[in-house]
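*Asks:* Below is a structure I'd like to ask you about.
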Amino acid sequence: MTDHILYSFRRCPFAMRARLALAVSGMRYELREVRLSTKPPELLVMLPKGTVPVLVTAEGAVIEESLAIMRWALRIRDPQDWLARDDPALIATNDGVFKQHLDRYKYPDRHGSDAARHRDLGFRFLQDLERRIGFAGHLCGTEAGLTDAALMPFVRQFAGVDWTWFDNLPLPRLKSWLANHLASEIFDRIMYRVSPWFSGAKATIVERMTVADS
């Protein structure tokens, strides 16, 4: 049996959200953890820029964007109706403006940026999320959906730059929303550690939120 193959990096928020959608869909796939300093030739031949996540379907199609991977998996099987709670405009703001502030807050030396300024600008986006969650408990309604899964890894990364500062923010609903996601079984499952993949290594197969070597 030929499996789908996901090239991933455990801590990458884009890869996290792809793994979340694959997990909730129950999709079986081979997980190939990428060491960013020594990317496997198989990935670079297929995608010279070497970004993750990348999904290679069992039929040989290459899907290189995290949102495309999420929507592809959920169109095949969506037991929790995540696609019904998809807000492309909010996700685009997260991936654009908020991600820019996040990078310049987390990596000021790399960007030559004023970390405090970008932290405060990022906080404005979190305030919008606080208001949205206040309406019904999640970003697009009373249940978690694609939008929640797409944004949560980035909010987590932003909070993780300085947890003490984040914990003191007047964002009770957002903090509870994030804590619930981080404590969930599905998040625990997608954050398991596997060794970086190399050609000839044993395959790590993920199936219905279980992991096995083969």
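*Asks:* Is it the case that some residue within the range 136-145 is assigned by TED's automatic domain parsing to the domain that holds His101, of a type in the set (Ser, Thr, Tyr) and touching a residue at least 12 places away in the same chain (Cβ under 8 Å)?
*Replies:* Going residue by residue through the range 136-145, those that are assigned by TED's automatic domain parsing to the domain that holds His101 are 136-145.
Keeping just the survivors that are of a type in the set (Ser, Thr, Tyr) gives 142.
Checking the rest, the ones that are also touching a residue at least 12 places away in the same chain (Cβ under 8 Å) come to none.
There is no residue in the range 136-145 that is assigned by TED's automatic domain parsing to the domain that holds His101, of a type in the set (Ser, Thr, Tyr) and touching a residue at least 12 places away in the same chain (Cβ under 8 Å).
*Asks:* Still on this structure, I have one more. Being in contact (Cβ under 8 Å) with a residue 24 or more places away in the chain and part of a helix (DSSP H, G or I) narrows it down to one of Ala150, Ala179, so name that one. Break it down stepwise before answering.
*Replies:* Details: Ala179 fails: in contact (Cβ under 8 Å) with a residue 24 or more places away in the chain.
None of the other options fit; the residue is Ala150.
*Asks:* Among the candidates Leu36, Leu67, Leu22, Leu44, single out the residue that is at negative phi, of a type in the set (A, V, I, L, M), loosely packed, with under 15 Cβ neighbours inside 10 Å and part of a helix (DSSP H, G or I).
*Replies:* Details: Leu36 fails: part of a helix (DSSP H, G or I); Leu67 fails: loosely packed, with under 15 Cβ neighbours inside 10 Å; Leu22 fails: loosely packed, with under 15 Cβ neighbours inside 10 Å.
Testing whether each residue is at negative phi, of a type in the set (A, V, I, L, M), loosely packed, with under 15 Cβ neighbours inside 10 Å and part of a helix (DSSP H, G or I) leaves just Leu44.
*Asks:* Follow-up. Is it fair to say Leu67 is over 22 Å from Ile205 (Cβ atoms), in contact with a Phe, Trp or Tyr (Cβ under 7 Å, 6 or more places away or on another chain) and touching a residue at least 12 places away in the same chain (Cβ under 8 Å)? Even if it seems obvious, please write down each step before you answer.
*Replies:* Values: over 22 Å from Ile205 (Cβ atoms): yes; in contact with a Phe, Trp or Tyr (Cβ under 7 Å, 6 or more places away or on another chain): no; touching a residue at least 12 places away in the same chain (Cβ under 8 Å): yes.
Spelling it out, it is not the case that Leu67 is over 22 Å from Ile205 (Cβ atoms), in contact with a Phe, Trp or Tyr (Cβ under 7 Å, 6 or more places away or on another chain) and touching a residue at least 12 places away in the same chain (Cβ under 8 Å).
*Asks:* What do you reckon, is Phe14 of a type in the set (Phe, Trp, Tyr), within 15 Å of the chain's Cα centre (by Cα), assigned by TED's automatic domain parsing to the domain that holds Ile133 and at pLDDT 95 or above? If you could, list the steps in order and put the result at the bottom.
*Replies:* Details: of a type in the set (Phe, Trp, Tyr): yes; within 15 Å of the chain's Cα centre (by Cα): yes; assigned by TED's automatic domain parsing to the domain that holds Ile133: no; at pLDDT 95 or above: yes.
So Phe14 fails the test.
*Asks:* Scan the range 169-179 and tell me whether some residue there is surrounded by fewer than 18 Cβ atoms within 10 Å (Cβ to Cβ), touching a Lys or Arg at 6+ places or on another chain (Cβ under 8 Å) and among the charged types (D, E, K, R).
*Replies:* no
The values are calculated or read from the model by the stated rules, or taken from the named source; none is laboratory data. Please read these numbers as outputs of a predicted model, since none were measured by experiment. Heads up, the Cβs are rebuilt from the backbone with ideal geometry, glycines too, and the neighbour counts pull from every protein chain shown.
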